[in-house]
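I have placed the structure first, in the form of structure tokens, so that the comments after it can refer back to it.
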Amino acid sequence: MRNRSTSPGRPWSPDLRRSVRLLGEFRHEQTDPDRFYSAIADDSVGQLSTYLDLAGKTVLDVGGGPGYFRSAFRAAGADYWALDADVGELAGTGRIASGTVVGDGMNLPFRDDSVDLCYSSNVLEHVSSPWTMADEMLRVTRPGGIAFISYTVWYGPWGGHETAPWHFLGGMRARRRYLARHGHEPKNKYGESLFPVTVRAGLAWARRQHAGEVLDVLPRYNPRWSQWLVRVPVLRELITWNLVIVVRKA
């Protein structure tokens, strides 16, 4: 396996410096999405390259929106496809690029065993049946390929997205507060386009799926030394921030 660099001369590593840098980038998600998603894309390619060599591989980015990740994956030599259910999201950069598909993550319009890497970043919490989507991602992954499923944990600091931290008092209450304060609904509407997904639920799905070998279940953006958190009930929900489940298809 190659170890791709996320900055010149520096290999990808889940250390504290990386965690602090990514935490800082999250402040720009709404105001400067190009900056935010480019940083996450570069980090994702580095992390994924520890599981498989992306050169020549077919990648499906489920919920990829306008394809912010396209450049990073193609720079690594991958054949990149993005899928989203929202045409508006797909056109978010001003045009719909080639290699984009309009479709439902819970019913992927791809045949069985058709991609080497099925990737999803911070999307699972936006669908009403998240584990149906996870099953679909494994279905379209080729034997020996990787499904990389990452989502924002509801009880983490960013669980409510732009309504955080008020989501700790309830999703609908946080949504109403945002409307009253800003005069419009949040982009991520609790009960419609934002749903509570927990670490516990992710662990349960990883245990019950039989399509492949679970390689990792870990807090995606946390430093390596904190990965034990996923084994501690309650605490894992509050501190994990984002959970990633990595499965190699059998």
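The values are calculated or read from the model by the stated rules, or taken from the named source; none is laboratory data. Everything numeric here is computed off the predicted structure, so don't read it as measured data. FYI the Cβ positions are ideal-geometry reconstructions off the backbone, even for glycines, and counts take in every protein chain you see.
I'm checking my understanding of the structure. Among residues of the range 183-208 that are within 15 Å of the chain's Cα centre (by Cα) and of a type in the set (A, V, I, L, M), which one is farthest from A164 (Cα to Cα)? Selected residue: V199. Remark: pairs (first residue in the range 167-186, farther than 14 Å from W154 by Cβ; second residue in a helix (DSSP H, G or I) and aliphatic (A, V, I, L, M); Cβ separation under 7 Å; 6+ apart in sequence or on different chains) = E185/L179.
Of the residues making up the range 189-200, not a single one is in a helix (DSSP H, G or I) and small (G, A, S). Within the range 139-173, the set of residues being hydrophobic (A, V, I, L, M, F, W, C), part of a helix (DSSP H, G or I) and within 23 Å of the chain's Cα centre (by Cα) comprises V140, W166, F168. So is V45 under 29 Å from R139 (Cα atoms), of a type in the set (A, V, I, L, M, F, W, C) and in a helix (DSSP H, G or I) or not? Answer is yes for this residue. Looking at the structure I just gave you, is G64 at pLDDT below 85, in contact with a strand residue (DSSP E or B) (Cβ under 6 Å, 6 or more places away or on another chain) and part of a loop (DSSP other than H, G, I, E, B)? For G64, the condition - at pLDDT below 85, in contact with a strand residue (DSSP E or B) (Cβ under 6 Å, 6 or more places away or on another chain) and part of a loop (DSSP other than H, G, I, E, B) - is met. Of all residues in the range 201-222, those satisfying the criterion of being under 15 Å from V247 (Cβ atoms) and either part of a loop (DSSP other than H, G, I, E, B) or not hydrophobic (A, V, I, L, M, F, W, C) (or both) are G202, R207, R208, Q209, H210, A211, G212, E213, D216, R220. Checking every residue in the range 130-143 against the condition of being out of contact with any Phe, Trp or Tyr (no Cβ under 7 Å at 6 or more places or on another chain), at pLDDT below 95 and farther than 15 Å from L60 by Cβ gives zero matches.
Taking into account only those residues within the range 5-40 that are more than 19 Å from T240 (Cα to Cα) and assigned to a helix (DSSP H, G or I), which is modelled with the highest pLDDT? Applying the filter and picking the extreme gives A39. Residue count for the range 102-124, restricted to those that are closer than 23 Å to D43 by Cα and surrounded by fewer than 22 Cβ atoms within 10 Å (Cβ to Cβ): 2.
Being without any contact (Cβ under 8 Å) to a residue 24 or more places away in the chain and closer than 18 Å to V123 by Cβ is true of G191. Entry remark, the range 159-184: residues being surrounded by fewer than 19 Cβ atoms within 10 Å (Cβ to Cβ) and touching a strand residue (DSSP E or B) at 6+ places or on another chain (Cβ under 8 Å) number 1 in total. Taking the range 223-250 as the range and being assigned to a helix (DSSP H, G or I), over 23 Å from S49 (Cβ atoms) and among the hydrophobic types (A, V, I, L, M, F, W, C) as the test, the residues that pass are W228, L229, L235, L238, I239.
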